[in-house]
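Engineer: The following block contains the structure, expressed as structure tokens.
Just so it is clear, none of the values below were taken in a lab; they were calculated from the coordinates. Not measured: the values here are computed from a predicted model. We place every Cβ from the backbone using ideal geometry, glycine too, and count neighbours over all the protein chains shown.
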Amino acid sequence: METIELRNTKEFSYTKKESLRALKTNIQFCGDDVKTIMFTSSVPNEGKSTVTFDLARSLTESGKSVLFIDTDMRKSVLVGRFRAKTEGKDEVLGLSHYLSGQKKLTEVLYATQIPKLCMIFAGPSVPNPTEILEKKYFLDLIEFGRQQFDYVLIDCAPIGAAIDAAIVAKHCDGAVIVIAQGMAGSRMISGVKKQLEASGVRILGAVLNKVKMEKSHYYGYGKYYGRYYGKYYGRYYGSYYGSYYGSYYGNYYKREDDEETE
């Protein structure tokens with residue numbers, strides 16, 4: 001297995017660690033039978049890729065081994081975002097190479113400089129992602145992940161834009177919906193929930209992202225559901241957002257930056 005360098009990662013701040021710990025704890029309390037978890041959203045740019053990757057890193061810091069799989073073979077941005085590169089090679093192999101039968105699993109599976117974190121990138125875009133996700137190769141990959149890792153976190157395409165996530169959901173122990181404030185209406189989010197339920201997957205909860213926190217008299221900054229993590233504004237296409245992750249339990253995760261995410 002080759003090692004790939006992820007060159008655009010940052011250390012977690014104290015507040016980020018605490019917020020991720022809350023999210024991680026909620027997932028762990030879902031039961032030890034929940035190992036394969038998919039993350040999706042209603043529309044693009046709600047932050048699901050960043051949520052999934054940050055959670056993967058947090059789990060490894062707790063001593064858990066994690067396999068991160070990017071199944072968004074329509075419009076993945078992870079290789080470019082992380083400036084991922086293997087030594088002596090220009091191309092990063094990915095899931096589409098494996099599912100199409102061009103490469104073996106061992107050729108598309110990468111170790112990273114983050115201990116206990118392995119990744120499978122999406123690979124080149126393909127015209128038929130739904131079809132190749134239904135191949136036996138994908139089932140073999142999920143089984144491999146269950147046997148070799150403590151957790152398998154799967155980054156899926158937005159289910160409101162493509163049906164791919166519903167195909168993946170059939171093989172997962174749980175699903176998490178990432179919701180960015182102001183980007184999808186309640187009717188669309190409800191539709192995403194119904195599509196996931198129809199696949200038979202257990203919905204573990206939701207992550208609230210890109211939430212603006214207004215000033216108040218509580219230590220000079222906003223509070224949300226009684227949980228205070230401070231206030232931060234990050235760069236996002238020239239505008240600024242306060243960005244937090246949360247769960248149904250009222251925990252919120254402050255991000256240090258707010259780059260484009262799928």
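Engineer: With N denoting the number of residues in region 106-170, provide Rg(C-alpha) divided by 2.2 N^0.38 Å, to two decimal places.
Structural biologist: Computed over Cα atoms of region 106-170, the ratio equals 1.18.
Engineer: In debye, nearest 20, what is the charge dipole magnitude of region 1-121 about its Cα centre with +1 on Lys and Arg Cβ and -1 on Asp and Glu Cβ, if you could check?
Structural biologist: 180 debye
Engineer: How big, in percent, is the set of alpha carbon pairs in region 9-112 lying more than 24 Å apart?
Structural biologist: For region 9-112, the fraction of Cα-Cα distances above 24 Å is 32 percent.
Engineer: Still on this structure: Of LYS24/LYS193; LYS85/LYS193; LYS89/LYS170, which ones are farther than 28 Å apart at the Cα?
Structural biologist: LYS85/LYS193; LYS89/LYS170, as the Cα separations exceed 28 Å there.
Engineer: Oh, and also: For a quick size check, give me the Cα extents of region 2-213 along its three principal axes, largest first, whole Å.
Structural biologist: 46, 40, 31
Engineer: Hey, got the dipole for region 1-67? About the Cα centre, +1 on K and R Cβ, -1 on D and E Cβ, debye to the nearest 20?
Structural biologist: For this selection, approximately 160 debye.
Engineer: Let me ask you something else. For MET188 and THR3, FRET efficiency with R0 = 35 Å and r from the beta-carbon atoms, rounded to 0.05?
Structural biologist: Efficiency at R0 = 35 Å is approximately 0.30.
Engineer: Please list 66-73, 7-14 highest first by mean number of surrounding beta-carbon atoms within 10 Å per residue.
Structural biologist: Result, highest mean first: 66-73, 7-14.
Engineer: Counting other Cβ atoms within 10 Å, keep those with at most 12, restrict to DSSP loop, and tell me which chymotrypsin sites (Phe, Trp or Tyr not before Pro) in region 140-176 are left.
Structural biologist: none
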